[in-house]
1. What is the ratio of the Cα radius of gyration of the range 4-61 to 2.2 N^0.38 Å, where N is its residue count, to two decimals?
2. Below 14 angstrom from the Cβ of residue 38, what's the summed charge of the other residues (Lys, Arg +1; Asp, Glu -1)?
3. Stretch residue 13-residue 57 to full length: gain in nm at 0.36 nm per residue minus the Cα-Cα span?
4. Quote to one decimal, in nm, the extra length available between residue 24 and residue 44 on full extension: 0.36 nm per residue of separation minus the C-alpha distance between them.
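A short reminder: the numbers here are calculations on the coordinates, not readings from a lab. Here the structure is a predicted model, which means the values were calculated and not measured. Backbone-built Cβ (ideal geometry, glycine too); neighbour counts: all protein chains shown.
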Amino acid sequence: MSDLLKVRGVGPAMARAMSEMGIVTPADLAASGPQDLVALPRVQLIRARMLISAAGEVLATLPQPVPEPRADADASKPGGAKKKKKKKTAKAGKKAKPDTAPAKRKKAGSRDGKKKKKKKA
């Protein structure tokens, strides 16, 4: 239950109600559907979606357990254990810049830069 309290929008009362439903970790909350959470008191569909999203954010910040390498899996390969090459990935949050700048737009109502003449009545 203490991990659920790390989720934005979940207090002690909400955590107790979730644990009664079988949701005891942020991973359980992130895996649940919005319709499941609507059964909780004071939770409508939009808040249920926000809680699921907040649980996903908590999961992203928690340290992930590192699986131990299996010795028997590498020994069964011909040639013994080999090192895997790391793939290069783009840095998160940065977007590629376009090659060319967008064309400038003309002002609304202009005719190639010429001004309209007013008619006299």
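1. Cα-based Rg divided by the globular estimate yields 0.95.
2. Working: positive: 42, 47, 49; negative: 36.
So the surrounding residues net to +2.
3. Numbers: separation 44, 0.36 × 44 = 15.84 nm, distance 2.10 nm.
Result: 13.7 nm gained on full extension.
4. On the way: separation 20, 0.36 × 20 = 7.20 nm, distance 2.00 nm.
Separation in residues times 0.36 nm, less the Cα-Cα distance, equals 5.2 nm.
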